[in-house]
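The block underneath contains the structure these notes are about, expressed in structure tokens.
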Amino acid sequence: MRGLNGKVAVVTGAGSGLGRGIALRLASEQVTIVVLDVDEAGAGLTVSMIKEQTGEALSIPTDICDYLACRVAVDQVIDQYGSIDILVNNAGWDKAMPFIDTDPELWQKIVNINLFGPLNMHHVVVPHMVEAGGGKIVNIASDAGRVGSSSEAVYSACKGGIVAFSKTLCREVARKGVLINNVCPGPSDTPLFAAFAGEGEKAEKLRAGLERAIPLHRLGTAQDIAGIVTFLASEEANFIVGQTISVSGGLTMHG
Ligand SMILES: NC(=O)c1ccc[n+]([C@@H]2O[C@H](COP(=O)([O-])OP(=O)(O)OC[C@H]3O[C@@H](n4cnc5c(N)ncnc54)[C@H](O)[C@@H]3O)[C@@H](O)[C@H]2O)c1
């Protein structure tokens, strides 16, 4: 795709699942990848996979809930590579449970990772993009934030919050060349989905039910999400801003 070769991308949560797929896909377009993840082993594996395909990649172990750690990581990327052209806010987490069984301690953890984490990353990266004359940000939200998802109430609030936040931020910075869009995966086959589904017969029933309900009759994959993220990060998408795109095999259809 146009305009990716030689760019530098920070991908949070690229040590697993969708983030790893996004990192590999961007790397295949000769984008240098910086992985920010709390899972050092997973991040290290992603970096090795990229290097095996002769790409350039670096892991900076970072908890996105920690504002100062985000700032230090971003400063390191700027020192080492000179710019951050693409930011993919992908790291996320949830523990599925009916809302009335949850407690404020769990809400705090979910909000810290899924809402404050991306806020921290926008706050430390956007000034560099503005100074450089532009950049692309893709937030991995969720269809849970658009249509709801039973047992994911607080997570849904965070994902819907990120969609609303980014619409406002891109009104502030689009004219400075910083273009922000959101991708909402539907149910996708990753370790996070496996944890959501649980184990044994219950998990199999949930998966089979979803496969029946999804018009394309399967769960999403990392490759399904990586394609649209790469497109939005490229120059092919230079007139697309403030949009939210569901990638759900048709489970949700937004006008
Ligand atoms: N899998 C799905 O069905 C699905 C559906 C909709 C949205 N999503 C979203 O897609 C994104 C990726 O999810 P996934 O399914 O690949 O999950 P995953 O659990 O496979 O990967 C998430 C990664 O984020 C990292 N992470 C978690 N907390 C972090 C923190 N505080 N700081 C840095 N890294 C952190 C984890 O270590 C992990 O490597 C998430 O934002 C998730 O909410 C997933």
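A short reminder: the numbers here are calculations on the coordinates, not readings from a lab. Note that the structure is predicted; figures quoted are calculated from it, not measured. Here the Cβ is made from the backbone with ideal geometry for all residues, glycine too, and neighbour counts use every protein chain on show.
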Open item on the list: Take GLU236 and tell me if it is free of Cβ contacts under 8 Å to residues at least 24 places away in the same chain, of a type in the set (D, E, K, R) and part of a helix (DSSP H, G or I).
Closed with: no
Open item on the list: Show me the helices (runs of 4 or more DSSP H) entirely contained within the range 81-155 in which 3 or more residues are surrounded by 14 or more Cβ atoms within 10 Å (Cβ to Cβ) and more than 9 Å from the ligand (Cβ to nearest atom).
Closed with: 104-111, 117-132
- [ ] From (1) over 25 Å from GLY15 (Cβ atoms); (2) within 12 Å of the ligand (Cβ to nearest atom), pick out the condition that doesn't hold for LEU216.
- [x] (2)
Open item on the list: Scan the range 213-229 and tell me whether some residue there is farther than 22 Å from LEU24 by Cα, free of Cβ contacts under 8 Å to residues at least 60 places away in the same chain and not in a loop (DSSP other than H, G, I, E, B).
Closed with: yes
- [ ] May I ask you to list the residues in the range 1-29 that are aliphatic (A, V, I, L, M) and assigned to a strand (DSSP E or B)?
- [x] VAL8, ALA9, VAL10, VAL11
Task: Answer from GLU56, GLU40 - the residue that is within 25 Å of HIS122 (Cβ to Cβ), of a type outside the set (Ser, Thr, Tyr) and surrounded by fewer than 16 Cβ atoms within 10 Å (Cβ to Cβ) - done: GLU40
